Structure formats: structure tokens, C-alpha cells
Amino acid sequence: MSIPAIQVSNLHKYFGEHEVLKGIDFRVDQSQVVCVIGPSGSGKSTLLRCVNRLEEPTSGKILVEGIDITDPETDLDAVRSRIGMVFQQFNLFPHMNVLGNLCAAQRRVKRRSKDEAVEIARRNLAKVGLADRENVYPAHLSGGQQQRVAIARALSMDPDMMLFDEPTSALDPELVGDVLAIMKNLASEGMTMMVVTHEMGFAREVGDRLVFMDDGVIVEEGDPRAVLSDPQHQRTQAFLSKVL
Amino acid sequence: MSLKRATKRRLRDGVAYAVLLAVVAIVVVTADRDAISKNFLDGDTWKGLWPDIVLIAAKNTVKYTVIAFAGGIALALVLALMRLSPLRLYRWLATVYIEFFRGLPALVVIIFMALGVPLAFGWTAPGGTIGAGLIALIMVSGAYMAETLRAGIQAVPKGQREAAQSLGMNGFWTMVTVTLPQAVRIVIPPLTNELILLVKDTSLLTFVGMQYDQVELTSFGQQGLVNYSNASPLLAIALVYLVISIPASQLVAFLERRQQRAAR
């Protein structure tokens, strides 16, 4: 059996006095799609951001493809370049056009030639259906288009796995579908994905496993259909009754 | 009976104009027009200033401004990055430097560098006293611009840095490709203001003494005042300063408007 893509053990995270993660054990296997749901403030985004150390864990261990990313000796930038991340607010670079956004890190981190970077960028833009927008600046794109560019930007680094931090929460409802369709497509290609989301339909349909978090702990996890239709824990029931 | 609102306003405006007219009339009547035209508008003196006022004095003012600004920006960038450094010692050093040079009059620093340092250590700057004076201007303007740059860097949204990091960019590439280009856009209007202040601050170099081909506008005007025993050169350099600085401040206003539009 292959090593897990992400393995988190006994993770604690404090913001000052406030304990946001209270001993998390969590795992994503290769080619698995794991969706994390829960009320706001439950710690689900913090957990995701710990996986590429945008948040510094207070204690505990995080292995990414077997590499301990909390070890100070680890080359964090190298690990991060293999983990694609998509943010709620897209975070495209506003001073670069679409192609520039997709090529910047390829050139500097992967040390790819300009031609190679552009070729890879174009392939990924085509994948998200925005091949005709490579010279446009982010400000001239809709939210949904910006998020699709952000996905293409992450994919251009040829990541082994993708982290999605509420990728559709900032979008107008009619634009959500396009982004989810691309994510579904990615999942069908075998991409390893960790998705923090409020899209229960996506979690049910695409997810291999569903994790419900509340108040800094994992309350319940399992097959998405089972958790969504027959939640065992009272807190899960309370949350789902509000969102479904 | 109360007056109509429009009538009241017309009355108030009328009084305001009357006061202004009275002041102008007093100035015109009491002014010594002979003295003014003889001392400030003397034709021969004005002719004598040409063309050196532009080819030497204005050229040097612009040259010194550009040197001080370019050097100041470079120094400011180093100081701003030090202030944002994770190392406490760097932060502390930069803070001490900035507070020190913002707390001193620029003239004191110029005199110290141009006259004090050579006297004490026998060291003369490249370019002589003018070179030393320019180093002093760089040291002072760098301290001011460092704070502006730091504020600009901190004004770039945190998500931008995170996006760059999540793509595997190290601290250097994140700063150079993502943070700094956006910070520079934010600080262009305040830095242009700093540039206009520098145009005027080059006049402080007058105090270090300079040869004729080194003079900037203020020295030029002062020497003219002595040579011609006439104040016309001062009016002349004042006009040249305005010709340089007013377009620059219009440029700032334009940049600020453009940035407000871009922010929307």
C-alpha cells in the first residue's frame, strides 16, 4: 500500500489563547477526494492551511507524501510547489495578466524555459475553458473566471495534490457550477484533493470521504452518502439540518 | 422682516469682494513701484542671467534631485526590508536610523557630512563637498521614504503573499515578483511628493559652497544677488523652481486620480 498523500496526527493549533484545532488526526490517500464540512469557526480552513504551513501548527505532526513538513530541515518551498492551493478569494496577482499569473512560479520555482511555461499554461487554461483569455488582467474577469484561472495556475505547477479552501464561497450562485464542474473533472482524472466546502451536493457526488468538523475536532467522518443521509452524531445532525 | 436666502448670500459675497478690493487698493497705492521694478524686474540683470540659469543652475538642480532621489529610494528599500525583517536586530537598527535622520534638520546633516566629517576624519567624499552634501540628502530622504515604502509593502493584501508561497516561491521571489510591484504602485503618489520636496531641499546644498559649474538654482540666485546688487535673480530662480515643481505636483494629482479609478 502506498504512503498517504496527507497524514496529520494529533495536530493542535492555538491563535493566542484560543485553541482552534484540538488534536486532529486526519488522512488523505493518493487519488482520494476528501471533503471537509462544518460550521464557520470549526477550524476546517485552519486545518487545510496547516497542510502547506500557511498556518504554523502549534504541535503535532503533518506528513505530506511521507515528508514531515513541521521539521525545520524540510525544504518547505519544494513541498509547497507539489501542493496546489485554491483560495476563497482567488488571490490572482492583479499586476499580471492571466498568462503571467500562470507562468510566474513555473519560471522561478520550476525553472522552466519561457516557451515550456507558456505551453503548459495554455494547456491548463484550455482545461478550465479560458484559452481565449490569456492576455486579460484579473480585474476584467468575473469571479468564476478568476477562480478557474487560479485553478489553472495551481495545476501549472504539476502538483501531486490540490487543496481547495471554500473555492466557491465568494462566487455568485450562477458561477458556482462552472468551478465545481472543473473540480469534478480533476477528481475523475485521479487528482488527490482536500476540499473545504459548503457544497453538500459536490461532497456527496464527488467525495470519497466526508469529514465533519466542529469546534476544533473531527466529530464524524465516513462515506459522504452515509454521513449526509444518516449522520450518527448529534452535532452533525444539528449542522446538516441547518444547511440541507 | 427676514431677507430672502438668496439676497443674504449676495450681500455676504459682496462684502467679501469689497474687503479683497480694499486690500488690493492699499497694496497698489502704498507699494513703491519704482523700487520693485528696479530691484526685481531689472532688464539688464535678467538678460545677464540667461542662459546660465537654465543650462547650469536648473540643470544642476534637476541633476542633484535625481541623484538624491535614486540614492534615497535604494537606501529606503533596504531600510524598509530591514524594518519588516523577522530578525529583531535588523528591525531595531532600521528604526533607530529612521528616527535619527527624520529627527534632524537636513541642513545639519549636510553641513556635518560636507564640513564636519572632512574636518574630523580628513575624508572627502567623491565629488568634493557637493558629493558629501548629496550623500547627506540621500541619507535623510532615504529615512523618510523608508517609512512610505514599508507602509506600501504592508498594504499589499496578505492573500497575495500566501498565493505566491503556496506556489512554492521563496521569500525573495515572493517579494520581487508579487509584493514589491504592487507596493510600488501604492506608493507612487507619496513618493512623487517626496520628489517635489527634494527639488526644494537641494537648495540647502548652497551652504556647502560650490564652483560655478556646480551651482544649483539657489546658489545661482544668491551669487546673482551679490554680482548685480539687485534682487532680480531671486525672482528669476523662484519662477524656475515653480516651472519645475508645479507640473510635478499636477503629475501627483493625476497619479492619485488614476489610482483611485484603478482601485474600483
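The values are calculated or read from the model by the stated rules, or taken from the named source; none is laboratory data. The structure presented is a predicted model; accordingly, all values stated were derived computationally and were not measured. Positions of Cβ are backbone-derived with ideal geometry, glycine not excepted, and every protein chain shown enters the neighbour counts. Surface accessibility is based on the protein's heavy atoms, side chains included, excluding ligands, DNA and RNA. Shrake-Rupley method; radii C 1.70, N 1.55, O 1.52, S 1.80 Å.
Rounded to the nearest 20 debye, what is the charge dipole size of chain A about its Cα centre when +1 sits on each Lys and Arg Cβ and -1 on each Asp and Glu Cβ?
Dipole about the Cα centre, nearest 20: 620 debye.
Of the solvent-accessible surface of the range A:98-155, computed with a 1.4 Å probe and all protein chains present, 43% belongs to carbon and sulfur. Taking R0 as 51 Å, what's the FRET efficiency between B:Gln222 and B:Gln260 from their Cβ-Cβ distance, rounded to 0.05? My answer for the efficiency is 0.80.
Within chain A, the longest run free of exposed loop sites, counting GluC sites (Glu not before Pro) that sit outside DSSP helix and strand states (H, G, I, E, B) and have at most 16 other Cβ atoms within 10 Å, spans A:74-188. Computed over neighbours whose Cβ is under 11 Å from that of A:Ile151, the net charge equals +2, Lys and Arg +1, Asp and Glu -1.
In this structure chain A gives 42 Å² per residue of accessible area when probed at 1.4 Å with all protein chains present. Between amide H atoms placed 1.01 Å from N, distances below 5 Å from A:Gly60 occur with A:His12, all of them 5 or more places distant or on a separate chain.
For chain A, the spread of Cα coordinates along the three principal axes comes to 53, 45, 39 Å, biggest extent given first. About its Cα centre, the dipole of the range B:40-263 is roughly 940 debye, where the only charges are +1 on Lys and Arg Cβ and -1 on Asp and Glu Cβ. Have a look at A:Met96, A:Gln232, A:Gln146 and report the one farthest towards the positive end of the charge dipole of chain A, computed about the Cα centre with Cβ charges (Lys/Arg +1, Asp/Glu -1). It is A:Met96. Considering only the other residues whose Cβ falls under 14 Å of the Cβ of A:Ser42, what net charge follows from Lys and Arg at +1 and Asp and Glu at -1? Taking every Cβ under 14 Å from that of A:Ser42, the sum is -1. Solvent-accessible area lost on pairing A with B (1.4 Å probe, both sides summed) amounts to about 1700 Å². Per residue, the average separation of C-alpha pairs within less than 8 Å and at least 6 apart gives chain A a relative contact order of 27 percent. For chain A, with a Gaussian network of springs between Cα atoms less than 10 Å apart, report the residue from A:Ser42, A:Ser113, A:Ser156 with the top mean-square fluctuation. So, out of A:Ser42, A:Ser113, A:Ser156, the one fluctuating most is A:Ser113. How large, in Å, is the range B:210-264 by the Kirkwood hydrodynamic radius built from its alpha-carbon pairs? The Cα-based Kirkwood calculation yields 13.4 Å. What whole-number distance in Å separates the alpha-carbon centres of the range B:157-236 and the range A:99-144? Value for the Cα centre distance between the two parts: 37 Å. With the charge dipole of the range B:1-44 set up from +1 on Lys and Arg Cβ and -1 on Asp and Glu Cβ about the Cα centre, the Cα lying farthest toward the positive end among the listed residues B:Thr30, B:Val19, B:Leu3 is that of B:Leu3. One way to sum up the overall shape of the protein assembly as shown is the equivalent ellipsoid from its Cα gyration tensor, whose semi-axes run 63, 30, 22 Å, largest first.
Checking buried surface per residue: for the range B:164-180, which residues lose a minimum of 40 Å² accessible area in the protein assembly relative to the chain alone (1.4 Å probe)? Residues passing the criterion (a loss of at least 40 Å², heavy atoms only) are B:Gln165, B:Ser166, B:Leu167, B:Gly168, B:Met169, B:Trp173, B:Thr177.
When shorter helices are ignored and each DSSP H run of at least 4 residues is given -39500 (n - 2.57), the per-residue value for chain A at 222 nm works out to -11000 deg cm²/dmol. Each label was represented as a point 7 Å from its Cα along the Cα-to-Cβ direction; for A:Gln237 and A:Thr70 these points are 3.5 nm apart.
Label separation (A:Glu174 vs A:His18): 3.7 nm, computed from points 7 Å beyond Cα along the C-beta direction. Between helix B:88-103 and chain B there is an angle of about 10 degrees, using the helix long axis and the longest principal axis of the Cα atoms. Residues whose amide H falls under 5 Å from that of A:Leu21, counting only those 5 or more places apart or on a different chain, are A:Lys13, with hydrogens built in the peptide plane.
The accessible-area loss of the range A:50-77 on complex formation, taken against its chain alone with a 1.4 Å probe, reaches 20 Å² or more at A:Leu54, A:Asp77. For a distance above 32 Å, tell me the whole-number percent of Cα pairs in the range B:40-263 that qualify. Roughly 31 percent, rounded to a whole number. Sequentially through the range A:191-205, phi angles give Karplus couplings (6.51, -1.76, 1.60; θ = phi - 60°) of 5, 6, 9, 10, 10, 8, 7, 10, 8, 5, x, 5, 4, 5, 7 Hz, Gly and Pro residues having no value and appearing as x.
Only Cα pairs under 8 Å and 6+ residues apart enter the sum, and on that basis the relative contact order of chain B stands at 26 percent. Using R0 = 45 Å, the C-beta based FRET efficiency linking A:Leu244 and B:Ala155 works out to 0.65.
Over all other residues within a Cβ to Cβ distance under 14 Å of A:Gly190, the charged ones net out to -4, with Lys and Arg as +1 and Asp and Glu as -1.
In the protein assembly as shown, taking the dipole from charged Cβ atoms about the Cα centre, the farthest positive-side position among B:Ile153, B:Ile110, A:Gly201 is held by B:Ile110.
Do any of A:Lys110/B:Lys158; A:Lys61/A:Lys114; A:Lys127/A:Lys242; A:Lys110/A:Lys184; A:Lys13/A:Lys127; A:Lys61/A:Lys110 go past 29 Å between their Cα atoms, and which?
A:Lys61/A:Lys114; A:Lys127/A:Lys242; A:Lys13/A:Lys127
The average projected area of the range B:82-185, computed from the convex hull of its Cα atoms over all directions, is 8.3 nm². Comparing the full protein assembly with the isolated chain (1.4 Å probe, heavy atoms, ligands and nucleic acids excluded), the residues of the range A:79-123 losing at least 50 square angstrom of accessible area are A:Arg80, A:Phe93, A:His95, A:Arg108. If only the Cβ of Lys and Arg carry +1 and only the Cβ of Asp and Glu carry -1, the dipole of the protein assembly as shown around its Cα centre is close to 1700 debye.
How many percent of the accessible area of the range B:40-263 is carbon or sulfur, using a 1.4 Å probe? Percent of accessible area from carbon and sulfur atoms in the range B:40-263: 68. For the range B:40-263, the per residue solvent-accessible surface stands at 51 Å², with DNA, RNA and ligands left out and a 1.4 Å probe.
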